[in-house]
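Visitor: Just passing along the structure, written as structure tokens.
Laboratory data are not the source of any read-out in this text; all were calculated from the coordinates shown. Everything numeric here is computed off the predicted structure, so don't read it as measured data. FYI the Cβ positions are ideal-geometry reconstructions off the backbone, even for glycines, and counts take in every protein chain you see.
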Amino acid sequence: MRIVVLMKPVPDTAAGGERLGPDMRLDRAAVPAVVNANDEYALEAALKLTEALGGEVTLLSMAPASAPDTMRKALAMGAHHGVLVTDPVLEGSDTVSTTRVLAAALKTLEYDLAFAGADTSDGGAGVVGPGVAALLGLPLLSYAAKIEPDEAAGRVRVRRLSPTGYDVLEAPMPALVVCTQALGEPRYPSLKGIMAARSKEIVTRSLSDVGVTPEEVGGAVAGTKVLEATSPPARAATEVVREPADVAAERVVAFLAARRII
Amino acid sequence: MPGIWVVGEIADGGLARISTEVATLARGLGETAGHDVSGIVVGAQPKKAADELARFLPRVVAVSEPATDGNAAATIVAERIAALARNSGPDYLLLGAGPEGRDTAGVLSAMLGWPVLANATGLGWRDDGPTVEMSVFGGKLNTTNAFTGGRGIITVRPNAAAAEPAASPGKVEEASPNGEPQLPRVTVVDSVAEPGAAAPIEEARVVVAGGRGVGGEDGFKVVQELAEALGGVVGATRAAVDAGWINYAHQIGQTGKIVKPQLYLALGISGAIQHKVGMQTAETIVAVNRDPDAPIAEFADLVVVGDLFEVAPAITAALRARSG
């Protein structure tokens, strides 16, 4: 079972301090990067599958040249290889460029399944995974809560979260699966894993290596722009209640009634 | 038909609620911009959803596509709309930002090469193009965005607008596409209903949510009772979901759902940034927490310092007494 996990280094929301640069784009240098949370769930699912069925997990990122630091953390969780597509031209790419580059890079790899996280914590559009599937003509199995490949039959079954439960989807492999948190909690890297990650290879590829011309991607051809950014209005001061439960409860009810919520 | 197209999403055979909100926003945009707004619904039986969409828009096209029967719909729907968009040349495609809308938007964007502005909380018009309001960096910043060229795809968050039908209903045209869809099919082998999965928390007016402080599956009964007393639904933090106390469908935050209810009542929730990003735009936030210094105290409107297992049942009782 060969699985490629699309992984994005994103600003660490817990660290705070995300900001736009003078070009009105996310200032990626301002905040430390971490593995996008939904991608960690995708990676965990990939690791469990390859542990059970044999095989290898490859990480694929399109990111700035500093990305290997973040990739090491995912390699420490147990991924076997890393492929980083990086090129100065890619700075400021929109989702169309990102989709094109990741699809082109994925095409150069051998895999049975490609995993993508449901969305990223910075962009949050949730469109790149489905777009990559469309460009490569891969079956798209999205919002996965469970992934069951059948290697002998060359098919994969996925539980897709639905508004009332889940649908069971089935398609031939290779296929692209969009992963959610319902797949299960990601592991912490072990000390052994961290040591092993140091010697794992991260292959760096340029745009031309994956067969994309610089004119079709990057900030110069980005289809979207930020016009303005403002801080949201500050919330009113917090009212603090420190009375016994029954008195506090009456205060809460009065508060809700005053706001016409009840 | 140039102008703005609303992609109507089918749910339970009818029109998804999100599509009524998107259609309402799109109609307003069309009026401001002086552009035509049309709806389009693709499915094996598109008529019912198309009729519902026509309550909001002057013109709706119902595209019969038998292939969505028994197969995952988003890719097939996107392929049909992409073909129509190439022929008829709309400038903007609007969809809901839920799972179906995102899948469809992603495939459409890749097929058409059109850019995407995602998770709109509001729409406007300026300099001959739409502007899209977004809340980014976990609500730290509100941005106004635009396309750099003439065309694009917009996904709209639930509750970005209250659905409002047009003064008079529009007309529905029926269309049948030519040939078979080309992208690979994904078969729907089974559909399973799961207790606890039907949690439309994005649409709820009141959300009562539990976090680590709830302590376990049993503790969520207290959350559930208060939610019922308020006519609301139950939400949860990632910690509570990862611990297996409650279904992922209830999760609010970075890797869960983004909600914007009238009231968000947080029980035993510290208010870590990963949770805050999912709920901080709630109109009113009330928190019950033992720790007065928990981060949630910094952005809640009212904080009760105390044991949720004492305070929450007391609020439930007070509400029942009030209505009783």
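Visitor: Can you pull out every residue in the stretch B:109-123 that is more than 7 Å from chain A (Cβ to nearest Cβ), within 19 Å of the chain's Cα centre (by Cα) and not β-branched (Val, Ile, Thr)?
Guide: Across the stretch B:109-123, the qualifying residues are B:ALA120, B:GLY122, B:LEU123.
Here is a yes/no grid of residues against (1) buried (at least 18 other Cβ atoms within 10 Å of the Cβ); (2) out of contact with any helix residue (DSSP H, G or I) (no Cβ under 8 Å at 6 or more places or on another chain); (3) at negative phi; (4) part of a strand (DSSP E or B):
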site	(1), (2), (3), (4)
B:ALA197	yes, no, yes, no
B:VAL223	yes, no, yes, no
B:VAL234	yes, no, yes, yes
B:ALA239	yes, no, yes, no
B:TYR264	yes, no, yes, yes
B:VAL288	yes, no, yes, yes
B:ALA300	yes, yes, yes, no
B:VAL303	yes, no, yes, yes
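Visitor: For the stretch A:136-143, does any single residue satisfy the condition of being part of a helix (DSSP H, G or I) and out of contact with any Phe, Trp or Tyr (no Cβ under 7 Å at 6 or more places or on another chain)? Write out each step before concluding.
Guide: From the stretch A:136-143, those part of a helix (DSSP H, G or I) are A:136; that's our starting set.
With out of contact with any Phe, Trp or Tyr (no Cβ under 7 Å at 6 or more places or on another chain) added as a condition, the list becomes A:136.
Looking through the stretch A:136-143, at least one residue is part of a helix (DSSP H, G or I) and out of contact with any Phe, Trp or Tyr (no Cβ under 7 Å at 6 or more places or on another chain).
Visitor: Would you be able to tell me the number of residues in the stretch A:70-95 that are in a helix (DSSP H, G or I) and either farther than 20 Å from B:ALA118 by Cα or in contact with a Gly (Cβ under 6 Å, 6 or more places away or on another chain) (or both)? Steps first, answer last, please.
Guide: If we filter the stretch A:70-95 for residues that are in a helix (DSSP H, G or I), which is where we start, we get A:70-77, A:88-90, A:95.
Then keep just the ones that are either farther than 20 Å from B:ALA118 by Cα or in contact with a Gly (Cβ under 6 Å, 6 or more places away or on another chain) (or both); that gives A:70-77, A:88-90.
Within the stretch A:70-95, residues that are in a helix (DSSP H, G or I) and either farther than 20 Å from B:ALA118 by Cα or in contact with a Gly (Cβ under 6 Å, 6 or more places away or on another chain) (or both) number 11.
Visitor: Need at least 3 residues that are under 24 Å from B:GLY138 (Cβ atoms) and in contact (Cβ under 8 Å) with a residue 24 or more places away in the chain per element, so show me which strands (runs of 3 or more DSSP E) inside the stretch A:193-262 make the cut, counting only ones lying wholly within it.
Guide: Details: elements: A:202-205, A:224-230, A:239-241.
Counting at least 3 such residues, we get A:224-230.
Visitor: Which residues, counting only those in the stretch A:171-192, are closer than 29 Å to A:LEU135 by Cα and among the hydrophobic types (A, V, I, L, M, F, W, C)?
Guide: Answer for the stretch A:171-192, where residues must be closer than 29 Å to A:LEU135 by Cα and among the hydrophobic types (A, V, I, L, M, F, W, C): A:ALA171, A:MET173, A:ALA175, A:LEU176, A:VAL177, A:VAL178, A:CYS179, A:ALA182, A:LEU183.
Visitor: Before we move on, is A:ALA103 buried (at least 22 other Cβ atoms within 10 Å of the Cβ), out of contact with any strand residue (DSSP E or B) (no Cβ under 9 Å at 6 or more places or on another chain) and either under 30 Å from B:VAL156 (Cα atoms) or within 14 Å of another protein chain (Cβ to nearest Cβ) (or both)? I'd like the intermediate steps shown before the answer.
Guide: Numbers: buried (at least 22 other Cβ atoms within 10 Å of the Cβ): yes; out of contact with any strand residue (DSSP E or B) (no Cβ under 9 Å at 6 or more places or on another chain): yes; either under 30 Å from B:VAL156 (Cα atoms) or within 14 Å of another protein chain (Cβ to nearest Cβ) (or both): yes.
Answer is yes for this residue.
Visitor: Checking the condition in contact with a strand residue (DSSP E or B) (Cβ under 9 Å, 6 or more places away or on another chain), surrounded by fewer than 24 Cβ atoms within 10 Å (Cβ to Cβ) and in contact (Cβ under 8 Å) with a residue 60 or more places away in the chain, which residue from B:VAL107, B:VAL77, B:VAL22, B:VAL63 passes?
Guide: Details: B:VAL107 fails: surrounded by fewer than 24 Cβ atoms within 10 Å (Cβ to Cβ); B:VAL77 fails: surrounded by fewer than 24 Cβ atoms within 10 Å (Cβ to Cβ); B:VAL22 fails: surrounded by fewer than 24 Cβ atoms within 10 Å (Cβ to Cβ).
Residue meeting the stated conditions: B:VAL63.
Visitor: Would you point out which residue out of B:VAL234, B:VAL222 is more than 10 Å from every other protein chain (Cβ to nearest Cβ) and in contact (Cβ under 8 Å) with a residue 40 or more places away in the chain? Talk me through it step by step, then tell me what you get.
Guide: Details: B:VAL234 fails: in contact (Cβ under 8 Å) with a residue 40 or more places away in the chain.
Checking each option against the conditions leaves just B:VAL222.
Visitor: Would you be able to say whether some residue in the stretch B:241-255 is surrounded by 24 or more Cβ atoms within 10 Å (Cβ to Cβ) and under 25 Å from B:ALA321 (Cβ atoms)?
Guide: No, there is no match, as no residue in the stretch B:241-255 is surrounded by 24 or more Cβ atoms within 10 Å (Cβ to Cβ) and under 25 Å from B:ALA321 (Cβ atoms).
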